[in-house]
Amino acid sequence: MQKTPPKQAPDANPVAVSRDRTPARRVALVGFGTVGRAVAKILSERSHGDGLLRLTHICNRSFERKKQPFVTERWFPADVVWTDDFHAILNSDAEIIIELIGGLTPAEELVRGALKAGKSVVTANKQLIARHGPDLLQLASANGCRLEFGASVAGGVPVLPALRTGLCGDRLHGIAGILNGTCNYILSRIETDRIPFSEALEEAQARGYAEADASEDLDGGDARAKLSILALAGLHIRVSAGDIRARSIRPIDAIDFDYAAELGCTIRQISRADLKEATLFTDVGPSLVPTSSPFGRVQKNLNLVLTSGEYGGDMAFLGAGAGGDPTAVAVVSDLMFVAASLAAGTPSVKARPHRPLQLASPTVTCDFETPWYLRFLVKDQPGIIASLAAILSSHQLNIDAVLQNPGFDKNALPFVITLEPCRDAQLHPALQEMSALPFALRPCLCLPILR
Ligand SMILES: NC(=O)c1ccc[n+]([C@@H]2O[C@H](COP(=O)([O-])OP(=O)(O)OC[C@H]3O[C@@H](n4cnc5c(N)ncnc54)[C@H](OP(=O)(O)O)[C@@H]3O)[C@@H](O)[C@H]2O)c1
C-alpha cells in the first residue's frame with residue numbers, strides 16, 4: 001500500500017526550535033542520490049530528536065534535474081537552499097554536514113574543509129573512512145567537532161555505533177562478518193538453485209544488487225575496506241585495507257556447494273580479523289561455514305557481523321546492509337547523536353567514546369591455521385591422487401578426506417581433498433606445485449573451512 005506522507009507544515013518560523021527551546025541544528029546534505037534522498041525524506045517527514053535537526057541546504061551537481069521531481073511533493077521542505085557548489089556549503093551557516101556523494105574526490109576535500117571549519121560531519125563513505133578515518137577522527141577531535149560514519153559498514157545494521165558505545169567496555173579481539181550483500185546474494189543463489197556463477201551474477205545485476213563492473217564486490221575490495229573500518233572502531237587498530245588479503249568469489253561454482261554440503265557446510269564470503277597480541281590475522285574471501293551456523297543461514301543480500309570480546313563473549317548483528325532507507329536510518333541516527341552532543345556542549349568529548357589517538361598498528365598476516373577445502377579440476381588419468389598425496393606429504397600436510405561424486409565428464413573431472421588444520425603459509429607452496437601438474441585444468445581452488 002502506498003504510504004501517504006504527512007502534509008508539510010508551512011515553516012513560518014525560520015529558526016525552528018526543539019521542545020526544550022534549543023534551536024534546531026542546521027543540517028546541509030551533500031549528495032542527493034539513493035541515500036541522500038532517503039535521508040532528506042526522513043528529516044522532512046519526521047520531527048527528529050524533538051526538533052533537534054533542520055535540513056537547510058542540499059548540494060548536488062546539476063541540481064535542477066534532481067530538484068524538479070521533488071519540489072511538487074508535499075514532504076519536501078520548500079525553504080531549503082539548493083546549490084551545486086560544495087564550497088557554498090562550507091561557507092554556509094550549516095552546523096552539521098552530511099556527505100553522501102561517495103568516493104574520495106571531492107569527498108575528502110569536503111569533509112576536511114568542514115571539520116577544519118568546526119562543522120561536524122556524518123558520512124556513509126566507506127572508501128573515505130577506510131583510507132583516511134584515523135586522520136579525519138583526529139582532525140575532528142582537534143577542531144572540537146564530530147565525525148560519525150555509522151552507515152559506512154553494513155548499511156542499516158547498527159554495528160559501528162555498537163562497537164563504539166555498547167561494546168566499548170569490552171576488550172574485543174575478533175570481528176567476522178558477511179559484509180558484502182552482492183557476494184552473499186550471488187553465493188546464496190548458487191546454493192539454492194545450483195545455477196552457474198555467471199548466471200547468478202547476471203541475475204544480481206538485473207535486480208540492481210550488483211553493478212555492471214562488480215569487481216570491487218566480487219574480488220573482495222569492498223569487504224576489506226569495511227573490515228578495516230570495523231577494526232578501527234572495534235579493535236582500535238590502524239590497518240590499511242590494502243594490507244588485508246582479498247580472495248575472489250569468481251572461481252566458486254555449483255559443484256562446490258555439492259561438495260561443501262557433504263561436509264555439512266555451505267560457502268559464504270567471510271571477512272575476519274583476529275587480534276592476537278601485536279598480530280592481526282585477517283582475510284576476506286569465500287570460505288566453508290557450517291550450514292547450521294549463523295553465517296550459513298544468512299541468505300540473499302543481508303549482512304551479519306559477529307564480534308568476540310574478552311569479557312562479553314560473542315555478539316551478533318544482522319540486517320539490511322544496503323538500500324536507501326536502511327542506510328538513511330543509520331545516517332539520521334548519527335545526526336541525532338551529533339545534534340544531541342552539540343546540545344550538551346560535548347562535541348568532541350567522549351559522549352560516544354572512541355580512541356582515535358591511541359591506535360595500535362599491529363603486524364598484519366593472513367597466516368591462519370585452519371582446515372582446508374581443495375577442489376581440483378583435472379583431465380582424468382591413473383595416479384592423480386597418488387601424485388597429489390605425494391606433494392602434500394612432502395610439505396607435511398595431512399589429508400582428512402577425498403570426495404569424488406560420480407557422473408562427471410572424465411575430461412573435466414572435479415573432485416575435492418580436505419586437509420587437517422595447517423597454516424596458510426605451509427599450504428601455499430604445495431598449492432603451486434599441485435596446480436602445475438600436467439593433468440590440472442585450472443589452479444586448485446582453496447577455501448578455508450571455518451568451524
Ligand atoms: N546505496 C546504498 O545502499 C549504500 C549503503 C551504504 C553506504 N552507501 C554509501 O553512501 C554514499 C552515497 O551512496 P548512494 O548510493 O546514495 O550514491 P548515489 O546514488 O550515486 O548518490 C550520489 C549523489 O552524489 C552526487 N554527486 C556526486 N559527486 C558530486 C559532487 N562532486 N558534487 C555534488 N554532488 C555530487 C551524485 O550526482 P549525480 O546524480 O550527478 O551522479 C548523486 O546524486 C556512498 O559513499 C556509498 O558508498 C550507500
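Mind checking whether some residue in the range 323-331 is within 16 Å of the ligand (Cβ to nearest atom), touching a residue at least 12 places away in the same chain (Cβ under 8 Å), among the β-branched types (Val, Ile, Thr) and open to solvent by 60 Å² or more (accessible area, probe 1.4 Å)? Yes: one or more hits.
For the range 56-74, the condition holds for at least one residue, the condition being that it is more than 15 Å from the ligand (Cβ to nearest atom), at pLDDT 65 or above, within 27 Å of residue 116 (Cα to Cα) and crowded, with 19+ Cβ neighbours inside 10 Å.
When the range 368-383 is filtered for residues that are farther than 19 Å from residue 252 by Cα and either assigned to a helix (DSSP H, G or I) or in contact with a helix residue (DSSP H, G or I) (Cβ under 9 Å, 6 or more places away or on another chain) (or both), the ones remaining, listed by number, are 368, 369, 370. When we screen 146, 131, 164 for residues that are in contact with a Lys or Arg (Cβ under 6 Å, 6 or more places away or on another chain) and either more than 13 Å from the ligand (Cβ to nearest atom) or over 26 Å from residue 300 (Cβ atoms) (or both), the only hit is 164.
Is it the case that some residue within the range 80-88 is part of a strand (DSSP E or B), of a type in the set (D, E, K, R) and within 11 Å of the ligand (Cβ to nearest atom)? No: zero hits. If you go through the range 155-176 and keep only what is modelled with pLDDT of 95 or more, open to solvent by less than 20 Å² (accessible area, probe 1.4 Å) and either in contact with a Pro (Cβ under 7 Å, 6 or more places away or on another chain) or farther than 25 Å from residue 279 by Cα (or both), you end up with just 157.
Contact map, the range 198-224: first residue within 18 Å of residue 153 (Cβ to Cβ), second residue open to solvent by 60 Å² or more (accessible area, probe 1.4 Å) and assigned to a helix (DSSP H, G or I), Cβ cut-off under 7 Å, separation 6 or more or different chains; pairs are 222/216.
Per the listing 386, 425, the residue uniquely exposed (fewer than 14 other Cβ atoms within 10 Å of the Cβ), part of a helix (DSSP H, G or I), within 31 Å of the chain's Cα centre (by Cα) and not acidic (Asp, Glu) is 425.
The values are calculated or read from the model by the stated rules, or taken from the named source; none is laboratory data. Just so it is clear, the structure is predicted and the values come from calculations on it, not from any experiment. Note: ideal-geometry Cβ built from the backbone for every residue, glycine included; neighbour counts use all protein chains shown. Heads up: the accessible areas ignore ligands, DNA and RNA and are worked out on the full protein's heavy atoms, side chains in. Shrake-Rupley method; radii C 1.70, N 1.55, O 1.52, S 1.80 Å.
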